[in-house]
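Colleague: For reference, the structure I am asking about is given below.
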Amino acid sequence: MGMKIYTKCPYCKAEISFWSWSKDKVELKMTQSDKIVLTCKKCHKINNCIVDDFRAKESKIAILVGVIVFAIGTPVLLVTLWDYIWLTGYYRVLALLTIILIPSTIYGIINKNDQRRVKLFNQS
Ligand SMILES: [Zn+2]
């Protein structure tokens, strides 16, 4: 999956973003070069951005997807498993655990993957 990486404009300190398909800086240098030519959106100066200065950030899309899964998944499971909640014993526990654990686990996985991606890029 591609991701946005960021650096700062040396002239006006504005953030410059770049869409990359590379998982780390080594790969980015191989596909581009040590420098990427980008125009600052704020001051319109052309910069030779050094690949090592780029930083990955946590993706808003990943967080949003996680929240949506959580917000939709929980009520959907609640409605689907509604009848089981009123049963006694094992089924009830299982239904309740499913409703609580599945959406939060998916949310957790999405978040963790995103953090791993950021860490991988920034440490490379
Ligand atoms: Zn600038």
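The values are calculated or read from the model by the stated rules, or taken from the named source; none is laboratory data. Please read all numbers here as calculations on a predicted model, not as lab measurements. No Cβ is skipped: glycine too gets one built from the backbone with ideal geometry, and neighbour counts run over all protein chains shown. Each accessible area value is taken on the protein alone, full model and side chains, heavy atoms only, with ligands, DNA and RNA left out. Shrake-Rupley method; radii C 1.70, N 1.55, O 1.52, S 1.80 Å.
Conditions tested, residue by residue: (1) open to solvent by 60 Å² or more (accessible area, probe 1.4 Å); (2) within 20 Å of ASN113 (Cβ to Cβ); (3) outside the structural domain of GLN115 (by TED's automatic domain parsing); (4) not acidic (Asp, Glu).
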{"residue": "PRO10", "(1), (2), (3), (4)": "yes, no, yes, yes"}
{"residue": "SER20", "(1), (2), (3), (4)": "no, yes, yes, yes"}
{"residue": "CYS40", "(1), (2), (3), (4)": "no, no, yes, yes"}
{"residue": "HIS44", "(1), (2), (3), (4)": "yes, no, yes, yes"}
{"residue": "VAL65", "(1), (2), (3), (4)": "yes, yes, no, yes"}
{"residue": "VAL69", "(1), (2), (3), (4)": "no, yes, no, yes"}
{"residue": "LEU81", "(1), (2), (3), (4)": "no, no, no, yes"}
{"residue": "ILE100", "(1), (2), (3), (4)": "yes, no, no, yes"}
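Colleague: Let me ask another. Within region 115-124, identify whether any single residue is closer than 30 Å to ARG55 by Cα, open to solvent by less than 60 Å² (accessible area, probe 1.4 Å) and not in a helix (DSSP H, G or I), and answer yes or no.
Modeller: Yes, the conditions are met somewhere in region 115-124.
Colleague: Just one of the numbered conditions (1) modelled with pLDDT under 90; (2) in contact with a Ser or Thr (Cβ under 7 Å, 6 or more places away or on another chain) is not true of LYS4; which one?
Modeller: Result: LYS4 fails condition (1) only.
Colleague: Tell me yes or no: at least one residue of region 54-74 is within 16 Å of the ligand (Cβ to nearest atom), of a type outside the set (Gly, Ala, Ser) and at pLDDT 95 or above.
Modeller: yes
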